[in-house]
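Report on the following structure.
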Amino acid sequence: MSTSEPTPLRLEPRRTLLDAIRDECGLTGTHMGCEHGVCGACTVLIDGDPVRTCLMFAVQAQGSAMRTVEGLARGEELHPLKRALMTRRQCGFCTPGFLMLATGVLEREPDIGDDALLDILTSNLCRCTGYQGIVAAMRAVIAELGRSNGPA
Ligand code: FES
């Protein structure tokens with residue numbers, strides 16, 4: 001299921017948002033890592049804010065606008081962040097969480113500085129890259145978006 005339409009679900013109150021996204025909605029792009037709020041692999045955007053879905057009950061998201069990594073799809077064209085991260089060496093497990101964290105950052109603070117960017121990105125865990133590739137990918141996208149928003 002991939003939709004921008006409201007998705008009605010009937011769930012037990014104790015069901016986590018992560019389980020509802022993956023099992024009830026079939027959106028398996030959101031990854032399950034630690035299930036303890038540590039790794040950030042389960043990050044989605046709720047009303048524009050990054051949220052760890054393993055720590056949230058699905059019922060708490062009722063009435064909110066939620067975006068998962070599937071929501072970054074642009075038909076056949078890759079989202080600029082996905083394209084940028086593809087060129088970096090990563091195993092890919094943490095990528096969906098980073099994509100949603102980075103999307104939230106870029107939408108809220110497109111002129112974010114390197115220190116603040118690194119501070120936010122290190123709230124999610126990546127065990128492969130030491131974050132340098134992820135920061136470089138984000139910097140490339142910020143530069144690309146700056147050019148596309150500039151004078152024609
Ligand atoms: Fe949610 Fe790790 S699976 S933070």
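Read the figures in this text as sums done on the coordinates, not as results from a lab. Computed from a prediction, not measured in an experiment: that's the story for all the values here. Positions of Cβ are backbone-derived with ideal geometry, glycine not excepted, and every protein chain shown enters the neighbour counts.
The simple Förster model, with R0 at 25 Å and r as the Cβ-Cβ distance, assigns LEU78 and ARG108 a FRET efficiency of 0.65.
Each of THR87, LEU118, VAL69 was scored by the projection of its Cα onto the charge dipole of the chain, and the greatest displacement toward the positive side belongs to THR87; charges sit on the C-beta of Lys, Arg, Asp and Glu.
Projected label points at ARG127 and ASP23, each 7 Å from Cα along the beta carbon direction, are separated by 2.4 nanometres. Amide H to amide H distances under 5 Å link PHE57 with LEU17, where only residues 5 or more positions off or on other chains count and H is placed in the peptide plane. Per-residue extension of 0.36 nm, minus the Cα-Cα distance of LEU11 and GLN60, leaves a gain of 16.5 nm for this segment.
Treat every Asp and Glu Cβ in the chain as -1 and every Lys and Arg Cβ as +1, leave all other atoms uncharged, and give the resulting dipole magnitude about the Cα centre to the nearest 20 debye.
About 360 debye.
Dividing the convex hull volume of the alpha carbon atoms of the chain by its residue count gives 121 Å³ per residue. With everything on Cα atoms, drop me the angle between helix 132-149 and the longest principal axis of the chain, reported from 0 to 90° to the nearest 10. The angle comes out near 80 degrees.
How high is the FRET efficiency from ASP119 to LEU145, r the C-beta distance, R0 22 Å, rounded to 0.05?
0.60
In plain terms, the residue of LEU55, LEU121, LEU18 with the fewest other Cβ atoms within 10 Å comes first and the most crowded comes last, giving LEU55, LEU121, LEU18. Taking the average, over residues, of other Cβ atoms within 10 Å as the packing measure, peptides 74-80, 140-146 rank 140-146, 74-80 from highest down.
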